[in-house]
1. When the Kirkwood hydrodynamic radius is evaluated over all pairs of different C-alpha atoms of the chain, what value in angstrom, to one decimal, is obtained?
2. Given a 1.4 Å probe and heavy atoms of the protein chains only, how would you sort GLU222, GLU388, GLU327, largest accessible area at the top?
3. So, taking all protein chains as they sit and a 1.4 Å probe, how much accessible area belongs to PHE232, in Å² rounded to tens?
4. How big is the C-alpha Rg of segment 274-395 next to the rule-of-thumb value 2.2 N^0.38 Å, as a ratio?
5. Once every Cα of segment 175-323 carries one equal point scatterer and solvent is ignored, give the base-10 log of I(q)/I(0) from the Debye formula at q = 0.17 Å⁻¹, two decimals.
6. Under 5 Å between amide hydrogens, which residues at least 5 positions from VAL205 or on another chain qualify, with H placed 1.01 Å from N in the peptide plane?
7. At a threshold of 8 angstrom on Cα-Cα distance, excluding pairs fewer than six apart, so keeping six or more, what relative contact order does segment 270-395 reach in percent?
8. Hey, what D do you get for segment 175-217 in µm²/s if you plug the Kirkwood alpha-carbon radius into Stokes-Einstein at 10 °C and 1.306 mPa s?
Amino acid sequence: MKTKMPICRKKSGKGKAGTFASFWMGGFESACQVNTKGVRIDMQAATQHDVMAREDYEMMKGQGIRVVRDGAVWPSVERARGVYDWSRFVGMVRAAEAAGVQVIWNLLHYGWPEDIDILSGEFVERFVKFCGAAARIVKEESSRASVYVPVNEISFLAWAMGTKGIIQPVMLGRAMEIKKQLVRASIGAMEAIWEVDGRARFMHVDPIIHVMPPQGRLDMAEQAAGQRRAQFDGWDMLCGRMCPELGGAMKYLDMVGVNYYHSNQFEAPDVRLRWEDEPRDERFVPLWVLLEEVYGRYGRSLVIAETSHFGVGRGKWIREIGQQVIEARRRGVPLEGVCLYPIIDRPDWEDMEQWHNSGLWDLKWVGGRWERVLCGEYAEALRESQRELAAIGCS
């Protein structure tokens, strides 16, 4: 029996009215962590998006994109305990309102004020207050109900700090403690935002991965399975399935955002399966299968919250993503959107002079500012995918 495909932007996985103004979204990098060199980064400032937000939002509409992911950069707002400078954030909220684009706001993108110990009670307390204050600004300045990502990539951030040591403070061996703390902070933030705006929606974002043992190494099968299981920890804690003492419940797991790049399938512990190879490794799993698994696990509507490639592979990548989305929709997965991330190019976390060429727009330094230069190959491939998805109701 053929499955009837749901129509995008009519119903979410919870039966609510469609959430987003367009199926296609664009994400502006808002990471603000301290890197391994001890340097605080600020991607909004590095790309000049902080001062060019209105122009950036307007140019996206020309490509059929009316939803953006952006961020309130906590360290740039709370300069001292309880002392806020909202000037940048207010400017961006007003720019979005003037441009008529909908924003999904990240509230913690790897960074927090340097005087806070992430594992302390103070961390949760101050984050909750910051989120409530941000929500009040959005409610006052915006005409529409907002969507928030309280903590971007709970499981990834815990792994980056507690296992890999690529984000400071490095806390090796403490990834599970970090995950639990970030879940506490997320739950507190959602409650604070609901007190301000009961219409608020939430998306919880983490990478989806597929991990397998190296060929001929069945002894590493459990290690690979453990790495793969860990991707679900943040979501499982939020919905109360794991560590129920944290207070998780299904009401907190509103929408699930999944991030997917060419490096998301690998042999344990960290040898990437080469997406670009032809023929592709037979162990490579189609994206629609991973999406179907996440939906089956949680029963929530999904968004591909980050996806892109770099260089000359950008067009091929987005065409494949489009085909995978069509197949997922055909199989009944309530996928509500795809976010090109980053939508404008950005420098490397560790070397701000190295640019990735991963955006729909590359950046070129002209006359003291970063000029946005549309990548023609990527734009044409995107238009093809937009036409194909529009044909099944996703526009």
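The values are calculated or read from the model by the stated rules, or taken from the named source; none is laboratory data. The structure displayed is predicted, hence computed values, not measured ones. Methodologically, a virtual Cβ is constructed for each residue, glycine included, from the backbone with ideal geometry; neighbour enumeration extends over all protein chains shown. The protein model used for the area step is the full one, side chains on, heavy atoms only, and it has no ligands, DNA or RNA in it. Shrake-Rupley method; radii C 1.70, N 1.55, O 1.52, S 1.80 Å.
1. 21.3 Å
2. These residues rank, largest area first, as GLU222, GLU388, GLU327.
3. 10 Å²
4. 1.19
5. Calculated log10 I(q)/I(0) at the listed q: -1.05.
6. Under 5 Å from the amide H of VAL205 lie the amide H atoms of GLU153, ILE154, GLY257, each far enough along the sequence or on another chain.
7. Computed value for segment 270-395: 23 percent relative contact order.
8. Answer, rounded: 119 µm²/s.
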